[in-house]
Every structure is written in C-alpha cells, then in structure tokens.
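In what follows, a structure is listed as structure tokens, so that the remarks can point back to it.
Derivation of every value follows stated rules applied to the coordinates shown; laboratory data play no part. Note that the coordinates shown come from a computational prediction; the quantities given were computed from them, not determined experimentally. We place every Cβ from the backbone using ideal geometry, glycine too, and count neighbours over all the protein chains shown.
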Amino acid sequence: MKQTLYDILSVQADATAEQIHVAYQDAMVRLESVELHDPNKKVLVREAYELLSNPQKRASYDAHLARRESVQAQTTSDQTKRPAAPAKPRNVFGPVILLALLLAAAGLWWSMKQKMERNKQAEIPVYSEVTPAAPAKLPPAPLANTPAPVTAPATAAPIPTPEPVTSNAETGKSAEEIYALRSPSIALISVYGPTGAQVAMGSGVVIAPEVVITNCHVTRPGVQYKAKIGKEVLAATVTMADEEFDLCRLSVPGSTAPAVSLGSTDSLRIGQKVFAIGAPQGLDLTISDGIVSALRPLSTGKVIQTTAPISPGSSGGGLFDAAGRLVGIMTFQHKLGQNLNFAVPADWITSMTSRKASNQSVGALTMGSAESNREGNRDGGAQASAAQQAVARLLGNWTCYGVLTGYSMEVLFDKDSKMSGTMNGKKFTGNYLFDGKSLSLSMGSSVSGVVEEFTGNKLVVNGGKADRLVCNRR
C-alpha cells in the first residue's frame, strides 16, 4: 500500500485537527535538527499539513483514499478467487515501468520546488511553520487531554519593534500657528487707581470661561481693572490673590474668549522651544519665541527660565510649549542679564489660594545675590507710581517732527493712554504708553523709542538708527 499523507505526519486517518497540528509541529522540530535535516522531507510534511488542515481538501482526499482502498480490496478479492495462473515468462517491461514511476516522482518534486521558488519571489508565503496567519483560520485550542504543542525553534522573522509615536508637542507648531491658536485667549490688563487714572498695565491669559490669570504685582497698584480680549473691553475684578505664587485670578463677566489648555513643567526639557504672548509696553498681542534655558527649583515647584524676550507689560502673559499648551505665566526678568526671563509654572494655577507672600515666595526669589534681586525688573509698585507721574507731565498738546523722516505731527496726549491729532495733515487716533523712560505710539502702525530728554516743554525720543522724534509743547 502506498504511503498516505496521514503516514507522512504519523497520525491516524481519524485524527482531529488539533492532533494534526501538533503532529506537524513535532515533525518540523525533528526535521530542523542537524541529524534529521531533510529539505525534501520538509516539503512533503508541509504539503501534507496544508491539505489535511483544510477541511474541504481533507474531505476530498479522504474520499480519494476510500476509492483507492475499495479498488485495492476488489483487486485482492479477484486475485484470491482466480486460479493460480501458470508461470509466465519474466516481464521485461517491469524495470521500464519502475523507471517511469521514478521519473514521474522526480518531476513532481521538481514542480513543487519550482512552485515554492515562484511564491518566494512574489513574497507570498506558501506555508507557515507556525499557525496560519489569518486569525479566523487558526486551529482551535488543544483539548485538555491533548499534549501541549512543542514550541518550534525561533526560525520565523522577529516581530518588528514599533516606531516611536511622536507627540504633537515634540513635532511642534510654528510661531504663526501658535499665535493663531492662542492670541484670542490673551488679555491686555489695564489697572486704574482711586482717581480713575491708569497706573499700570500688564497681560493675562484666559484659563476658563470668563476667568483670566495674571500676576498679582500687575493688579496690586490699582483698585479697578479692565481686560481687553480681542475687540472686547470688559470690566474685571480680582477674585483670588495668591501672592505666594504671584498669581491673581480675575473674573471677566461677558468674555467669550476661548480658554487655553494647561500644560505642566513635567513635560518641559532644557532647550525645548517655547513662545511668549503678551502685551509688552501695552502693545497687545505680541509673540516672541525662545527656549527653556533652565528649570529653577523652589520649595513650591520649578520656575521656568527662558530666553523668550519680554518687556514691562508682559507680566501675566502666557508661555506656551510647541504644542500650544500653557506651561507658564511670564512674571519677571533679570535686569542685569541678557534674556534672563522667568515664568511661574502653570501647574500652580490649580493650587492657588488666597494668601500673602512669604520669604520663600516668587517675590523673594534671589538670583545670585540680594543685590541682583533688588535690581530685578518688575513692572508694578514704585515703577507704576513713577509712570503715573510721567504721564501726568505728558498730558496736553505737542508739536512733533522726525529729524530724519521729516514728518510732522500735532498730537494731544490724553488720559487713559489715548491720543489724537494730525500727521502730515491727516487725522489719526491711537494709544500710547509712557513711563518717562520710553514712549510707544500705536496708531495703525507702532513706533517706540527711548526717551533722551524730557522736560515740561520738550521731549526727545530716540527711535534707533539716529532717528529721533522731537516734540515741543504747544
């Protein structure tokens, strides 16, 4: 009787799918050993497993075996009943037939080998040395009394390691995208004294509907506040002052500005790019970029040191990471250094409470020495008082001209940082910011410079590159 596929896998004809799978794995393990390594045998074993593991193919094969056994049984019965035939001369064709069968077997083997090579070149696996690839075609789990399958040697290709997923924060947004995303949530905070005169100016960030966060040293000089957010100018009130963190919470009823998403200093790394958006010198919605140059530890957390440029008026503005998350509130800069700017972490916003500052607070932060701390540039307090006096001296009508540009201007500096007049015969209105040391004008375009001379009747502002604005009181 010819060898069957069941014989090749060493299983009975009534073997279950689980038993066939186990037998296939055992056979492949044996054939992988040095002593039994036989490529031809592996091909037959794989062919047998492929056919017997497929229910339709197996049923067809079993029917074929049944027919073959029936024919063989009938032949045997006929030979038994038939009287012994007289001895015939030796069949000379026997060796020829045997040779033909051997050639047919060799041709079949060659055809199978060529088929495997073609499939390999097309990168389509013909056989699996483990379970089939499609989950739906996996054989059922072995029964409880079935021996556990033998694990084949690690000959299959290793599972590739997934590529690391880059977060949005790592990928980063451009400054243009950050500005478009977060500038609608930045507020210009105007601070007014008991007489109604403006005494200070700063920035703020919308962190919740009708809620703005700023620095307490921005609000401290005044008693009344306004928040300009986009085109809205709304009254604001301080609802919580945490002077330990130098953070104050403002209620701004009627604000429709979107709230920013909060980040954390835990996600920051030295050298990471950040963006500051605020209102330096009253020039609202100004963006600058830089890097995180250090994370300075305090007892209450880490203060962010950054190279993102800020100026007086930036206090209370937002420091955002490359994903647009609020990671800090710009608070102060060191006057004796270059690009030494500091922001308190946004993590503190959720821990705010009403309290006075202690000796270990942000306000008492020393940077190298007590003297350098006293030189730290903070907009508020005494500076606000000096700025108020300078504005009082500036109020009124002035005639100005540009030394290099040649333009002339008649201007009225009014209270509440408003100005109006004519420039080269054309009327204009706008805003100004003046603290006695610098003058910034906003009238469609922005002009700013350092005050070189200021008396009761004369004002000289150096705009840089030898360009000066000379004004005389009318």
Tell me, Asp62, Asp435 in order of fewest to most beta-carbon neighbours within 10 Å? Asp62, Asp435
Theoretical gain in end-to-end length, Ala294 to Leu412 [0.36 nm per residue, Cα-Cα removed]: 38.0 nm
When each of Lys415/Lys437; Lys228/Lys273; Lys437/Lys458; Lys226/Lys427; Lys42/Lys113; Lys356/Lys437 is checked by Cα-Cα distance, pairs over 21 Å: Lys228/Lys273; Lys226/Lys427; Lys356/Lys437
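Which of the trypsin sites (Lys or Arg not before Pro) found in the stretch 408-471 are loop residues per DSSP with 10 or fewer other Cβ atoms within 10 Å of their Cβ?
Answer in residue order: Lys465.
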As a footprinting exposure proxy, order Val391, Val327 by other Cβ within 10 Å, with the fewest listed first. Val391, Val327
Order these peptides, 217-229, 253-265, by their mean beta-carbon neighbour count within 10 angstrom, highest first. 217-229, 253-265
In sequence order, what are the phi-derived ³J(HN,Hα) couplings for the stretch 349-356 according to the Karplus relation 6.51 cos²θ - 1.76 cosθ + 1.60 with θ = phi - 60°, rounded to whole Hz, with x for glycine and proline? 4, 7, 10, 5, 8, 6, 6, 8
Calculated from backbone phi, Karplus (6.51, -1.76, 1.60) coupling profile of the stretch 394-405 in Hz, x at Gly/Pro: 7, 4, x, 9, 9, 10, 10, 8, x, 5, 8, 6
